[in-house]
Structure formats: structure tokens, C-alpha cells
Amino acid sequence: MAGLTARPARREVLAALAAGGATALLAASLPSPLRAAQPLRVATLDWLGTEFCLTAGLAPVGVADLPGYLQWVGFGAADLAQAADLGSRQQPGLETLARLKPDLILGSAYRHASLEAELARIAPVALLPDKGPGDQLHLIRAAYDACAAAIGADAAPAQSHFDATLAALAETVVARGLSGAPVVLAQPLEGTPRLRVFNADAAAMRALALTGVTPAVPANGEAFGFATMGIEGLAALSPETRLLLLADALPAELGDSAIWPLLPVVKAGGLILTGRVWSFGGLQVLADLSEHAVNALIAGGRG
């Protein structure tokens with residue numbers, strides 16, 4: 001694009017990384033005229049970037065897997081009425097992307113590193129540091145800071161809103177006598193008697209832990225904070241555990257199993273249906289999930 005400065009040399013990138021981590025690195029890697037431009041025409045290739053842009057009041061001109069975002073995430077849906085669907089998140093449609101003539105392409109370092117050179121022929125690229133081992137909530141916070149640097153926004157309001165929401169929920173948890181309650185968060189996998197079970201490093205469980213409940217599945221170094229397991233994997237859960245199932249109803253694939261009613265947590269009435277809530281979102285979505293979960297715990301929606 002005419003008028004844009006070149007990417008920094010490797011030593012500049014390394015210096016930025018050493019000085020300020022991912023946020024400084026991303027800010028340094030974007031051309032300075034772009035960093036100052038407002039409003040930006042931003043295309044988002046990953047839902048985390050989409051959510052943050054909408055949180056910051058910037059509607060992307062294109063979104064990868066737009067129907068999926070609207071179905072699963074939903075945040076800011078009304079502001080995406082004019083957005084173009086860019087195809088799959090893993091392999092976005094480059095021709096459609098080029099036709100949009102974006103000022104900036106926001107992607108995922110995990111998904112799109114191999115596509116960066118192709119994407120950079122269309123527009124400057126910012127790949128958010130959104131995946132890795134360990135604390136997934138910390139990674140999301142870092143990705144928010146990086147996204148804010150990329151689009152010239154301030155991540156502080158979103159961070160503060162999240163912290164205030166979780167603090168208010170923590171007061172509710174104390175008032176309802178749920179502090180320290182052992183909790184497992186699980187997502188049914190459609191068409192199979194298996195579940196995605198989140199451990200203590202998962203962003204959703206990290207958020208719930210901030211409300212004062214206790215993750216019943218410890219962190220174990222898995223890169224995404226979850227493991228897929230069959231029904232028998234839940235047999236080790238104690239009767240005191242609350243099994244929060246991210247579903248509107250118990251799937252037949254689980255309920256029809258001969259093992260299901262024999263699980264100690266199920267026999268004790270510990271199954272709680274939270275409703276169908278997305279568990280891989282950014283701070284706004286995680287705050288909403290936490291509110292759903294705490295309300296479900298209070299209501300005792302036991303299956």
C-alpha cells in the first residue's frame with residue numbers, strides 16, 4: 001500500500017519484544033501511518049479479534065466464518081450486518097479479502113502464521129498471540145492488549161469491565177455460600193457420547209475461578225486447557241462436584257448411556273445445565289459465560 005513504511009528490521013522486533021512483550025512487538029511491527037489512521041477498515045480472521053474490535057466500537061469490514069461467529073459468539077451481531085464473510089478461519093478466502101481493500105488484517109498467530117506472507121500482499125497483518133500452553137486467560141488479556149495496539153484503541157475499558165463483572169459475581173458466590181465449590185465445566189460434543197472437559201488453565205475456568213469456585217480438574221499442561229474424554233472419564237469426580245454442562249438439555253448420547261446414571265456426580269444430583277454458551281471467547285464472552293454459570297449454580301438447574 002502506498003505511503004506505508006516498511007516492516008522493522010529483525011533487531012528492532014527483538015528489541016520491542018524484550019521491552020514490552022507481545023503488545024510492543026505488534027505495535028512496532030505496524031507501519032506508523034496505519035497506527036494513526038482512524039477509522040480503519042479491518043478484516044478479522046479469528047473470532048477473538050472480531051470480538052475485541054466490536055468491543056472497541058470498530059465493526060470489521062470482513063469476518064472469517066461470519067455465520068459461525070453469529071451462531072456461536074453472537075456479541076455485536078447487529079454491527080456486522082454489512083460485514084463480508086471471508087470463508088473459513090483456517091483458510092480464509094484471499095480473493096474476497098483482497099476485494100475489501102482492508103487497511104489491516106487481524107489474524108491468529110496460531111492459525112495464520114503460515115499464511116502471513118500471502119496476507120501481507122493484501123494489507124498489513126497483525127497476528128494476535130492467542131494460543132499457547134499455560135494460563136489461557138492470560139493469553140487472551142495479552143491478545144486484547146495486542147489488538148488494541150494494532151487498531152489504535154484502548155484495551156483498559158474491556159479489561160476493567162471484565163474484572164468488575166467477575167468481582168460482582170464473586171460477591172454473589174460468597175453470599176450464596178458457594179465459595180470453594182468444586183466445579184467442572186464441560187461441553188458436549190454433538191453426535192457422540194464424549195465431552196470437552198476444561199481444566200484449571202482454560203480461559204473459561206480461569207474466569208470462573210475468579211468468582212470464588214474451585215476448578216475440579218487441575219491444569220495439566222494441555223495447550224488449549226481442555227481434553228476430550230468419554231463418559232467413563234467423569235467417574236473420578238466426587239459427589240460434591242458440580243458438573244456444569246454447556247447445553248440447554250442433556251444430549252441423548254450421554255443420557256442414554258448405561259454408565260451415565262451411575263456416575264457419582266450424576267447420582268448426587270450434581271449435573272447443572274448452563275444453557276448453550278460459547279466457551280472460547282474473549283473477555284466479554286467469558287464474562288457472560290461466568291454470569292450464566294453462577295446463575296445456574298444458584299438456581300440449582302440439576303439434571
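Annotations
- Test: residue in the stretch 202-218 that is more than 21 Å from T172 (Cβ to Cβ), in the same structural domain as L283 (by TED's automatic domain parsing) and among the polar types (S, T, N, Q): no
- Qualifying residue in the stretch 267-276 (condition: β-branched (V, I, T), out of contact with any Cys (no Cβ under 7 Å at 6 or more places or on another chain) and under 21 Å from F162 (Cα atoms)): yes
- D163 being of a type outside the set (F, W, Y), more than 21 Å from V61 (Cα to Cα), surrounded by fewer than 23 Cβ atoms within 10 Å (Cβ to Cβ) and not assigned by TED's automatic domain parsing to the domain that holds P92: yes
- Yes/no for A148 being outside any helix (DSSP H, G or I), under 22 Å from the mean Cα position of the chain (by Cα) and modelled with pLDDT of 90 or more: no
- Per this entry, T211 is counted among residues that are crowded, with 22+ Cβ neighbours inside 10 Å and part of a loop (DSSP other than H, G, I, E, B).
- Residue in the stretch 125-139 that is crowded, with 17+ Cβ neighbours inside 10 Å and over 16 Å from the mean Cα position of the chain (by Cα) present: yes
- Of all residues making up the stretch 154-205, the number that are basic (K, R) and outside any loop (DSSP other than H, G, I, E, B): 2
- Only one of Q90, Q136 that is farther than 29 Å from D163 by Cβ and either in contact (Cβ under 8 Å) with a residue 12 or more places away in the chain or aliphatic (A, V, I, L, M) (or both): Q90
- Single residue of the stretch 217-251 satisfying the filter (surrounded by 18 or more Cβ atoms within 10 Å (Cβ to Cβ) and among the small types (G, A, S)) that is farthest from A299 (Cα to Cα): G225
- Output for the stretch 259-303, where each listed residue is farther than 30 Å from A56 by Cα, of a type in the set (V, I, T) and not in a helix (DSSP H, G or I): I259, I272
- Any chance E222 is assigned to a loop (DSSP other than H, G, I, E, B), closer than 28 Å to D163 by Cβ and among the acidic types (D, E): yes
- Taken together, the residues in the stretch 54-82 that are of a type in the set (G, A, S), under 23 Å from A287 (Cβ atoms) and in a loop (DSSP other than H, G, I, E, B) amount to 5.
- Residue count for the stretch 99-126 satisfying the condition of being hydrophobic (A, V, I, L, M, F, W, C), within 28 Å of R206 (Cβ to Cβ) and touching a residue at least 60 places away in the same chain (Cβ under 8 Å): 2.
The values are calculated or read from the model by the stated rules, or taken from the named source; none is laboratory data. These numbers come from a predicted model, not from an experiment. For neighbour counting, all protein chains shown are included, and Cβ atoms are generated from backbone atoms with ideal geometry for every residue, glycine included.
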